[in-house]
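Below is one structure; the comments refer to it alone.
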Amino acid sequence: MNNIVTCSSLDEVRSNIDAIDQKIVNLIAQRGGFVMQAARFKKTTEDVKAPQRVEQVISKVRALAVESAANPDVTEAVYRAMIAAFINAELVEHSSLASKTVKS
């Protein structure tokens with residue numbers, strides 16, 4: 001699944017990286033939209049933090065990394081950072097939704 005093009009210059013390497021970055025950012029935006037939706041279905045902040053779910057995701061992406069010939073340690077580090085950031089954003093959203101429910 002690893003379709004790496006052999007580049008003939010640093011500019012070509014950077015151009016390919018830039019194209020991949022655009023795709024990654026778009027996917028992060030998509031993932032973030034679903035994360036914000038998830039906040040509506042969680043009753044407590046502990047439900048948002050969901051450490052067991054975090055570990056399930058990490059296990060899954062490490063396996064995907066191996067299948068894709070990606071570095072599983074790098075993949076895990078990226079996902080842990082991304083998940084932590086999304087949890088923080090989801091906690092804010094969850095709190096906002098909870099305060100709206102109390103006011104209604």
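Compute the acute angle (0 to 90°) between the alpha-carbon long axis of helix 10-38 and the principal axis of greatest extent of the alpha-carbon atoms of the chain; round to the nearest 10°. Helix 10-38 sits roughly 20 degrees off the main axis of the chain.
Could you state how much accessible area Leu27 has, in square angstrom rounded to the nearest 10, with a 1.4 Å probe and all protein chains kept in place? We get 110 Å² for Leu27. Ranking Ala81, Ile4, Ser15 by how far each Cα lies toward the positive end of the dipole of the chain (charges on Cβ) leaves Ala81 at the top.
Between the Cα long axis of helix 51-67 and the first principal axis of the chain there is an angle of about 20°, rounded to the nearest 10.
Across the stretch 2-104, Cα pairs under 8 Å and at least six residues apart give a relative contact order of 33 percent. Accessible surface for the chain, divided over its residues, is 75 Å² per residue with a 1.4 Å probe.
Label separation (Ser95 vs Gln22): 3.7 nm, computed from points 7 Å beyond Cα along the C-beta direction.
Using equal-weight Cα scatterers in the Debye expression, the normalised intensity of the chain in log10 at q = 0.10, 0.22, 0.24 Å⁻¹ is -0.40, -1.21, -1.32. Rounded to the nearest 500, the helix-only mean residue ellipticity at 222 nm of the chain stands at -27500 deg cm²/dmol, with each DSSP H run of n ≥ 4 adding -39,500 (n - 2.57). Other residues within the sphere of radius under 15 Å centred on the Cβ of Ala63, judged by their own Cβ, net out at -2 (K and R +1, D and E -1). When Arg80, Arg53 are compared by accessible area of protein heavy atoms, the largest-first order is Arg53, Arg80, using a 1.4 Å probe.
The values are calculated or read from the model by the stated rules, or taken from the named source; none is laboratory data. The structure displayed is predicted, hence computed values, not measured ones. Using ideal geometry, Cβ is built from the backbone for each residue, glycine included, and neighbour counts are taken over all protein chains shown. Each accessible area value is taken on the protein alone, full model and side chains, heavy atoms only, with ligands, DNA and RNA left out. Shrake-Rupley method; radii C 1.70, N 1.55, O 1.52, S 1.80 Å.
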